[in-house]
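Q: Dropping the structure in here first, questions after.
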Amino acid sequence: MSDSARPKIRVALATLGCKVNQYESASFASSFEERGAELVDFGGPADVSVVNTCAVTARAGAQSRNLIRRALRANPEGRLVVTGCYSQIAAGQIVELSERPICIVGNGHKDKLVEIALAGKSCDLEMYLGDIGRKREICRLPVRRFADRTRAFLRVQDGCNRFCTYCIVPYARGRSRSLPPAELLAQAEVFAREGYREAVITGIHVGHYGQDLAPPLVFADLLKLLAGREDGLRYRISSLEPLEVTAEVLALVAGSGAFMPHLHIPLQSGDDAILRKMNRPYTRETFAEIVQACRAALPEAAIGVDVLAGFPGEDERAFGQTVELLERLPVTYLHVFPYSRRPGTVAAGFPGQVPEPVKEERVAVLRALDRKKRAGFYASQLGQVRPTLIEGRRTRANLRRGFTDNYVPVVCRAPESAVNQVLPVRLTELTADGVLGTVES
């Protein structure tokens, strides 16, 4: 039978977790298609199922197990490949989910996943896991397109050296490893050629970019490299640790139209004693000074903050310190997470574990503050005309969705031809979850 007449291998792919996982799954999808496979919906008939797991919280681990079980039920005769952070730290638990062979590919071998998935031989677990802590080079995972996404993710770095006491990620992802500048720029060129208007600079610890390269670089060097391009691609920074938001970084973001006025800075706690227990290397007042510097350099920027509720030892006073700090700072939105006790992390053994009902109450308080902050920032933008990337998604009222350069969610009336275009939109009225806008001619 000729290759053209042979049935295509059907591949179903499911992804949990962070932007890095989403980037890596997009690379798998690109490679599967280049090898002639057909991508199909996860949970339906498939010859190969791939689950790219997450382990950042206990809930993410449970979701990973549920997806694995779903793939086993949907395709009892198919090949199952499991990768991602949960596979790296809990391979034994995955194997126990079924008597069937399950191919487990650790984070350090993701560049071999497509070859492994399409091979006919059975899997050797040890061969595809290894010691992620010994990895010194980033996996090469080129991407051509992201299915159903207007924005591309530009993965510049993997791994983390920080070892916050609550976090399992350094154990699952290994040490910080950076993509060399030439390869990074080549990937950005692919996105520009494919018609993307915006790329999100992402990694596990983006601010550590380049420190492992020879000669070493810093994050500001990466921004300079990208700012020098003339391909029409604009960039959004996914997240930077507080002490990595330097005066040079702010000057580069403020001084170049290549970078969107949007920063995301994890706080985690507004109490100094809790920050020390978390192994976070700053104080509440240092964080406040950094946010104020961001607002001074970028007056219209969206400033997002990560915050963790219910860390061991967080009493009412410590939680009140967090709320007070966030209330007085000019931040735009909060990403709120309840502390998740992860076996294998230092904090899992700390005394003073906070009861779940108390965590839930604190999460509710912080999410109410998030809604208040968002509404205030969105209201401050009314009347302005902001460059807005129009997305393909529509509302029930047949309006197009999009995001302004400073990350205000917008709905507006726009034709099909506007999708994936950056258009001037006047922000006119608050909606339930964003702003109504009008495209300016």
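Q: With respect to Leu308, is the statement that it is among the hydrophobic types (A, V, I, L, M, F, W, C), farther than 19 Å from His264 by Cα, part of a strand (DSSP E or B) and not assigned by TED's automatic domain parsing to the domain that holds Arg162 true?
A: Values: among the hydrophobic types (A, V, I, L, M, F, W, C): yes; farther than 19 Å from His264 by Cα: no; part of a strand (DSSP E or B): yes; not assigned by TED's automatic domain parsing to the domain that holds Arg162: yes.
No: the conditions fail for Leu308.
Q: Still on this structure, I have one more. In the set Ile303, Ile265, Ile274, which member is part of a helix (DSSP H, G or I), in contact with a helix residue (DSSP H, G or I) (Cβ under 6 Å, 6 or more places away or on another chain) and among the β-branched types (Val, Ile, Thr)?
A: Working: Ile303 fails: part of a helix (DSSP H, G or I); Ile265 fails: part of a helix (DSSP H, G or I).
Selected residue: Ile274, the only one of Ile303, Ile265, Ile274 that is part of a helix (DSSP H, G or I), in contact with a helix residue (DSSP H, G or I) (Cβ under 6 Å, 6 or more places away or on another chain) and among the β-branched types (Val, Ile, Thr).
Q: Exactly one condition in (1) among the polar types (S, T, N, Q); (2) in a strand (DSSP E or B); (3) crowded, with 19+ Cβ neighbours inside 10 Å is false for Thr438; which is it?
A: In the conditions (1) among the polar types (S, T, N, Q); (2) in a strand (DSSP E or B); (3) crowded, with 19+ Cβ neighbours inside 10 Å, Thr438 misses (3) alone.
Q: Can you run down the residue pairs with Cβ atoms below 6 Å, 6 or more apart or on separate chains, where the first is in the stretch 343-354 and in the same structural domain as Phe319 (by TED's automatic domain parsing) and crowded, with 17+ Cβ neighbours inside 10 Å and the partner is modelled with pLDDT of 95 or more and among the β-branched types (Val, Ile, Thr)?
A: As it stands, the answer is Ala347/Thr165, since those pairs meet every condition given.
Q: Looking at Gly108, is it surrounded by 22 or more Cβ atoms within 10 Å (Cβ to Cβ) and closer than 28 Å to Phe191 by Cβ?
A: Numbers: surrounded by 22 or more Cβ atoms within 10 Å (Cβ to Cβ): yes; closer than 28 Å to Phe191 by Cβ: yes.
Taking the combined requirement at face value, the residue satisfies it.
Q: Taking only pairs six or more apart or across chains, which ones have beta-carbon atoms under 7 Å, a first residue in the stretch 324-339 that is buried (at least 18 other Cβ atoms within 10 Å of the Cβ), and a second residue that is in a helix (DSSP H, G or I) and among the small types (Gly, Ala, Ser)?
A: Cβ pairs passing all conditions: Leu325/Ala288; Leu329/Ala288.
Q: Is one or more of the residues making up the stretch 173-188 out of contact with any strand residue (DSSP E or B) (no Cβ under 8 Å at 6 or more places or on another chain), modelled with pLDDT of 95 or more and among the charged types (D, E, K, R)?
A: Checking the stretch 173-188: at least one residue is out of contact with any strand residue (DSSP E or B) (no Cβ under 8 Å at 6 or more places or on another chain), modelled with pLDDT of 95 or more and among the charged types (D, E, K, R).
Q: Now, a different point. Could you grab the pairs with beta carbons closer than 8 Å, sequence gap of 6+ or different chains, first residue in the stretch 276-304 and over 17 Å from Tyr333 (Cβ atoms), second one part of a loop (DSSP other than H, G, I, E, B) and among the acidic types (Asp, Glu)?
A: Qualifying pairs under 8 Å: Arg284/Asp271.
Q: Could you tell me which residue of the stretch 233-253 is farthest from Arg284 (Cα to Cα), considering only residues that are under 23 Å from the mean Cα position of the chain (by Cα) and among the small types (Gly, Ala, Ser)?
A: Ser238
Q: Next question. Kindly indicate whether any position in the stretch 37-55 is in contact (Cβ under 8 Å) with a residue 60 or more places away in the chain, within 22 Å of the chain's Cα centre (by Cα) and within 28 Å of Glu356 (Cα to Cα). Give the steps one after another, and end with the answer.
A: Going through the stretch 37-55, the residues in contact (Cβ under 8 Å) with a residue 60 or more places away in the chain turn out to be 37, 39, 48, 50, 55.
Remaining after also requiring within 22 Å of the chain's Cα centre (by Cα): 50, 55.
Retained after the next criterion (residues that are within 28 Å of Glu356 (Cα to Cα)): 55.
The answer is yes; a qualifying residue exists.
Q: Could you tell me which of the residues Thr53, Thr57 is touching a Lys or Arg at 6+ places or on another chain (Cβ under 8 Å), at negative phi and of a type outside the set (Asp, Glu)? Show your work before the answer.
A: Working: Thr53 fails: touching a Lys or Arg at 6+ places or on another chain (Cβ under 8 Å).
Within the list Thr53, Thr57, the selection yields Thr57.
Q: Please list, ordered by residue number, the strands (runs of 3 or more DSSP E) wholly in the stretch 37-121 having 1 or more residues that are at pLDDT 90 or above, among the small types (Gly, Ala, Ser) and in contact with a strand residue (DSSP E or B) (Cβ under 6 Å, 6 or more places away or on another chain). Spell out how you get there, then give the answer.
A: Numbers: elements: 38-40, 48-53, 79-84, 103-105.
Hits in the stretch 37-121: 48-53, 79-84.
Q: Among the strands (runs of 3 or more DSSP E) lying completely within the stretch 324-427, list those that include at least 2 residues that are more than 16 Å from Pro261 (Cα to Cα) and of a type in the set (A, V, I, L, M, F, W, C). Break it down into steps so the answer makes sense when it comes.
A: Details: elements: 333-338, 385-394, 400-404, 409-412.
The qualifying strands (runs of 3 or more DSSP E) are 333-338, 409-412.
The values are calculated or read from the model by the stated rules, or taken from the named source; none is laboratory data. In this text, all values refer to a predicted model and were calculated from it rather than measured experimentally. Positions of Cβ are backbone-derived with ideal geometry, glycine not excepted, and every protein chain shown enters the neighbour counts.
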